[in-house]
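Below is one structure; the comments refer to it alone.
The values are calculated or read from the model by the stated rules, or taken from the named source; none is laboratory data. Predicted model, so just to flag it, every value in this text is computed and none were measured. In this analysis, Cβ positions are derived from the backbone assuming ideal geometry, glycine residues included, and neighbour counts consider all displayed protein chains. Ligands, DNA and RNA are stripped out before the accessible areas are found, and what is left, the full protein with its side chains, is counted by its heavy atoms. Shrake-Rupley method; radii C 1.70, N 1.55, O 1.52, S 1.80 Å.
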Amino acid sequence: MEYITGTRVFQIEEPAVVTLGKFDGRHRGHKKLLQQMLEIKKETGYRTAVFTFDMSPGTLVNGVLQKVITTNLERKNNLERAGIDYLVEYPFTKETARMEPEEFVKQILVGQMNARTIVVGTDCSFGYKGAGDAALLEQLKSKYGYELIVIPKEQDEHRDISSTYVREQLDLGNMEKANELLGEPYAIHGEVVHGNHIGGAILGFPTANILPPPEKHLPVFGVYVSRVYVDGTYYGGITNIGRKPTVEGISPVGAETYIFGINQDIYGKTIEVQLLHFIRPERKFEGLEQLKEQIGKDRELGLEYLKNLPETEITQLQ
């Protein structure tokens, strides 16, 4: 996949089937849209291209950091795995925010993205104050020479599947439902960094620490059964999301994972931690011995849960 970011100057030379949106979470609705693009590519030979912004527009417009289920790095990884040819991560500035919807279609979608077919959801919006929509794309298609396909919203229990719906389930720790809406496990990608080194040395449970960026929407703090992707292998794991309140000092919000069956040094490597099941809320224990005892119980609960998964989902468990 060609990743175009940090610039407004670019040109896709090949005819393309194009979509636009935040792609926050890559939920089942997004996947339906991406699948349609890949089918069009098969039929026409067009390249597939996704247009998005380098930040959530609300961060600039409202002056408040907007939380996202999927960080820019995670979105890039997801779309690359999906088989998309181009990801354009366009700088969102005050100038961009003021662009009129038709100018956006003419200059960017048709001009720079070389859109021959545009695929969007029924709720798409673009241009100044989000005034552009699927109806406007329909009006402009003859003028600018593209075909338009509008994909109905995917639903769950008579409710539209959306990033908002997914966030609600994450806030409840309802990982099974969140993952059902996503169509895949909720994941945190990040580089393994050094922590306080009490996991292996004191508690007897060596862990891998990653620090999500501040814009990452994390689920409720607590302990989760997880699946960890390291160097092409899926391992079972137990992950704590939060600040580790039992440990003295102030800890940044992080994801600390005990990985079953791994025997390699992974400091500095980028891993993916997928959360599968909520075990318990994060809490402060009276001391490290009590914490160690609880981690042992969490480990046993996690192993029991993971053993019931299909064998194809976990390569290494113990």
Inset, instruction - Say whether the condition of being surrounded by fewer than 17 Cβ atoms within 10 Å (Cβ to Cβ) and closer than 20 Å to Ile108 by Cβ is met by at least one residue in the range 36-54. - result: yes
Legend entry - Condition broken by Val105, with the remaining ones in (1) assigned to a helix (DSSP H, G or I); (2) at pLDDT below 95 satisfied: (2)
Legend entry - Checklist (1) touching a Ser or Thr at 6+ places or on another chain (Cβ under 9 Å); (2) without any contact (Cβ under 8 Å) to a residue 60 or more places away in the chain applied to Ala49, failing item: (2)
Legend entry - Of the criteria (1) touching a Pro at 6+ places or on another chain (Cβ under 8 Å); (2) within 17 Å of Gly21 (Cβ to Cβ); (3) touching a residue at least 40 places away in the same chain (Cβ under 8 Å); (4) not aliphatic (A, V, I, L, M), which one Ser56 fails: (1)
Inset, instruction - Report the residue count in the range 234-274 for those that are polar (S, T, N, Q) and either at pLDDT 90 or above or surrounded by 22 or more Cβ atoms within 10 Å (Cβ to Cβ) (or both). - result: 5
Inset, instruction - State all residues of the range 91-102 that are surrounded by 14 or more Cβ atoms within 10 Å (Cβ to Cβ), part of a helix (DSSP H, G or I) and without any contact (Cβ under 8 Å) to a residue 40 or more places away in the chain; if no residue qualifies, say none. - result: Pro101, Glu102
Inset, instruction - Give the range 177-225 a look and list any residue that's open to solvent by less than 40 Å² (accessible area, probe 1.4 Å), assigned to a loop (DSSP other than H, G, I, E, B) and modelled with pLDDT of 90 or more, or say none. - result: Pro185, Val192, Pro212, His217, Leu218, Pro219
Inset, instruction - Assess whether Val119 counts as being in contact with a Gly (Cβ under 9 Å, 6 or more places away or on another chain) and either touching a residue at least 24 places away in the same chain (Cβ under 8 Å) or not polar (S, T, N, Q) (or both). - result: no
Inset, instruction - State which residue pairs qualify: first residue in contact (Cβ under 8 Å) with a residue 12 or more places away in the chain and assigned to a helix (DSSP H, G or I) and inside the range 300-311, second residue exposed (fewer than 10 other Cβ atoms within 10 Å of the Cβ) and acidic (Asp, Glu) in any location, beta carbons under 7 Å apart, and separation of 6 or more residues or different chains. - result: none
Inset, instruction - Return the total of residues in the range 125-176 being surrounded by 15 or more Cβ atoms within 10 Å (Cβ to Cβ) and under 15 Å from His27 (Cα atoms). - result: 13
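Given the structure, is Glu39 among the acidic types (Asp, Glu) and either in contact with a strand residue (DSSP E or B) (Cβ under 8 Å, 6 or more places away or on another chain) or modelled with pLDDT under 95 (or both)?
Details: among the acidic types (Asp, Glu): yes; either in contact with a strand residue (DSSP E or B) (Cβ under 8 Å, 6 or more places away or on another chain) or modelled with pLDDT under 95 (or both): no.
Here the answer is no, as Glu39 does not meet what is asked.
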Inset, instruction - Give the range 60-71 a look and list any residue that's touching a residue at least 24 places away in the same chain (Cβ under 8 Å) and of a type outside the set (D, E, K, R), or say none. - result: Leu60, Val61, Leu65, Gln66, Val68, Ile69, Thr70, Thr71
Inset, instruction - Could you grab the pairs with beta carbons closer than 7 Å, sequence gap of 6+ or different chains, first residue in the range 150-170 and assigned to a strand (DSSP E or B), second one open to solvent by 70 Å² or more (accessible area, probe 1.4 Å)? - result: Val150/Thr122; Ile151/Lys32
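Could you tell me how many of the residues in the range 55-87 are assigned to a helix (DSSP H, G or I) and under 16 Å from the mean Cα position of the chain (by Cα)?
In the first step, residues of the range 55-87 are kept if they are assigned to a helix (DSSP H, G or I); the result is 57-62, 72-82.
Checking the rest, the ones that are also under 16 Å from the mean Cα position of the chain (by Cα) come to 72-82.
Total meeting the criteria: 11.
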Legend entry - Residue check for Ile279: at pLDDT 95 or above and aliphatic (A, V, I, L, M): yes
